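The values are calculated or read from the model by the stated rules, or taken from the named source; none is laboratory data. Owing to the predicted nature of the structure, the values given are computational and were not obtained by experimental measurement. Using ideal geometry, Cβ is built from the backbone for each residue, glycine included, and neighbour counts are taken over all protein chains shown.
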Amino acid sequence: MDTFDPDKVPPRPPSKLDFRILFGVLPVVAFYIGYQWHAYAAIGLGFVATVVAYYASDRKGLVGIFALFGLFVATVAALVGIVLEDERAFLARDAAIDFLLASLGLGSLLLGRPVVGLVLRDMWPALRDLLPLRHEAFVRATWVFVVVNIFQGTVRTWMLFGGFTVGEYLVYSRLFGWPVAGIMIAIIAHIVREAARSEARRRRQPR
């Protein structure tokens with residue numbers, strides 16, 4: 001029977017700010033500056049800033065794959081926006097990423113490999129000793145991931161094509177998206193943390 005090392009219980013993440021997250025604001029600022037001149041300038045500057053933000057991000061493991069995925073979508077959106085000479089086509093990448101991530105989550109559930117479990121077990125290897133990939137906590141957390149991304153993509157699509165100006169969309173989509181993402185992460189962290197603690201307590205009990 002495998003022995004359990006309590007030192008492998010994933011610790012509470014330290015509250016240390018990673019300033020690289022601030023690079024996520026760069027594409028928005030660059031796009032808005034370019035928007036003052038022309039759609040091409042907005043798309044071009046926004047795309048260049050997206051590339052810079054990508055290379056400034058943590059590109060290791062599965063998180064890096066997700067970052068590369070976002071860059072790919074941004075590239076396609078930039079090409080479509082340039083062809084149509086429409087900056088909204090480039091901004092539609094936000095909702096496109098939301099819906100694609102939701103689809104990824106659903107696909108992972110159908111395959112029995114919940115994507116939240118894949119990501120968290122890659123980020124914190126200690127979880128591999130506590131929770132199997134198909135654990136109920138990862139399944140529930142992935143459903144949260146799917147529902148939130150569908151909701152977020154729907155709202156962003158409405159904002160972009162429902163009467164908001166480009167400037168309003170840049171502001172309000174971020175004021176909406178950042179808190180929603182934060183709440184989603186908090187819920188997922190709670191689900192997985194409680195499951196990990198419960199499993200750790202179960203293994204400590206004498207048999």
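Among the helices (runs of 4 or more DSSP H) confined to the range 46-132, the ones with at least 2 residues that are out of contact with any His (no Cβ under 7 Å at 6 or more places or on another chain), of a type outside the set (D, E, K, R) and within 21 Å of PHE145 (Cα to Cα) are located at 61-84, 93-110, 115-123.
When LEU79, LEU104, LEU100, LEU111 are screened for being without any contact (Cβ under 8 Å) to a residue 24 or more places away in the chain and within 16 Å of the chain's Cα centre (by Cα), only LEU104 passes. Of all residues in the range 175-207, exactly one satisfies the criterion of being more than 19 Å from LEU133 (Cβ to Cβ), without any contact (Cβ under 8 Å) to a residue 60 or more places away in the chain, among the basic types (Lys, Arg) and assigned to a helix (DSSP H, G or I), namely ARG201. In the range 115-134 there is no residue that is closer than 22 Å to GLY46 by Cβ and free of Cβ contacts under 8 Å to residues at least 24 places away in the same chain.
So if I check each of LEU130, LEU118, which one is buried (at least 18 other Cβ atoms within 10 Å of the Cβ), modelled with pLDDT under 95 and aliphatic (A, V, I, L, M)? I'd like the intermediate steps shown before the answer.
Details: LEU118 fails: buried (at least 18 other Cβ atoms within 10 Å of the Cβ).
Unique residue meeting the criteria: LEU130.
A search for C-beta distances below 8 Å between a residue of the range 48-66 that is on the phi > 0 side of the Ramachandran plot and any residue that is at pLDDT 75 or above, counting only pairs 6+ apart in sequence or on different chains, returns GLY61/ASP122; GLY61/MET123. Would you check if there is a residue in the range 160-169 being under 30 Å from ALA41 (Cα atoms), at pLDDT 90 or above, out of contact with any Pro (no Cβ under 8 Å at 6 or more places or on another chain) and β-branched (Val, Ile, Thr)? No, because not a single residue in the range 160-169 is under 30 Å from ALA41 (Cα atoms), at pLDDT 90 or above, out of contact with any Pro (no Cβ under 8 Å at 6 or more places or on another chain) and β-branched (Val, Ile, Thr). Say we look at the range 54-84 and pick out the residues that are over 23 Å from LEU104 (Cα atoms) and modelled with pLDDT under 80; which of these is surrounded by the most Cβ atoms within 10 Å (Cβ to Cβ)? The selected residue is ALA56.
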